[in-house]
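Let me begin by presenting the structure, written as structure tokens, before commenting on it.
The values are calculated or read from the model by the stated rules, or taken from the named source; none is laboratory data. Computed from a predicted model, the values in this text were never measured in an experiment. Cβ: placed from backbone, ideal geometry, glycine included. Neighbour counts: every protein chain shown.
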Amino acid sequence: MTPAELIKFYLDENIPASVAAQLRLQQIDVVRCQELGMRTAGDVDHLALATAQGRVLVTFDQDFLRLNAEGRIHAGIAFITEPKNVGVIIKALGELYERRAPEQMRNRVWYVG
């Protein structure tokens, strides 16, 4: 696959930095909202930026499920069901990266963990 055919991730402020570090070791394109000066931004702004950059938003904040239910357009949401298990998060996101293309993620919520 070319880089344009690979999922990119946007981690919200609640996802541990260690998740980004481990994904980067696997050569996965990932940004943390803190790196973009978005730590205190609202949920709508996080989703909008992730969407503009073509990134799947990774979160365990249920407000993003509500935004999806409202019909907001997005590049995908990876909803973490076990937020305290960093190893499970890393493994699940790695599998999502390997098995899905960006177009399969658009406007969909994937439950991971």
Which ranges mark the helices (runs of 4 or more DSSP H) fully within region 55-113 that have 1 or more residues being over 20 Å from Arg24 (Cα atoms)? 63-69, 102-105
So if I check each of Ala69, Ala52, Ala78, which one is buried (at least 18 other Cβ atoms within 10 Å of the Cβ), on the phi < 0 side of the Ramachandran plot and out of contact with any Lys or Arg (no Cβ under 9 Å at 6 or more places or on another chain)? Ala78
Is it true that some residue in region 23-33 is more than 12 Å from the chain's Cα centre (by Cα), surrounded by 12 or more Cβ atoms within 10 Å (Cβ to Cβ), acidic (Asp, Glu) and over 10 Å from Val58 (Cα atoms)? no
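Consider Phe79 carefully, then state whether it is farther than 15 Å from Gly113 by Cα, modelled with pLDDT of 95 or more and of a type in the set (Phe, Trp, Tyr).
In short, no.
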Which one of the conditions (1) in contact with a Cys (Cβ under 8 Å, 6 or more places away or on another chain); (2) closer than 15 Å to Ile7 by Cα; (3) not small (Gly, Ala, Ser) does Arg39 fail to meet, given that it meets all the rest? (2)
In region 5-52, what residues are farther than 17 Å from Val88 by Cα, in a helix (DSSP H, G or I) and touching a residue at least 40 places away in the same chain (Cβ under 8 Å)? Glu5, Ala50
Just give me the residues in region 84-109 being surrounded by 14 or more Cβ atoms within 10 Å (Cβ to Cβ), under 13 Å from the mean Cα position of the chain (by Cα) and either over 13 Å from Val56 (Cα atoms) or of a type in the set (S, T, N, Q) (or both), in sequence order. Ile89, Ile90, Ala92
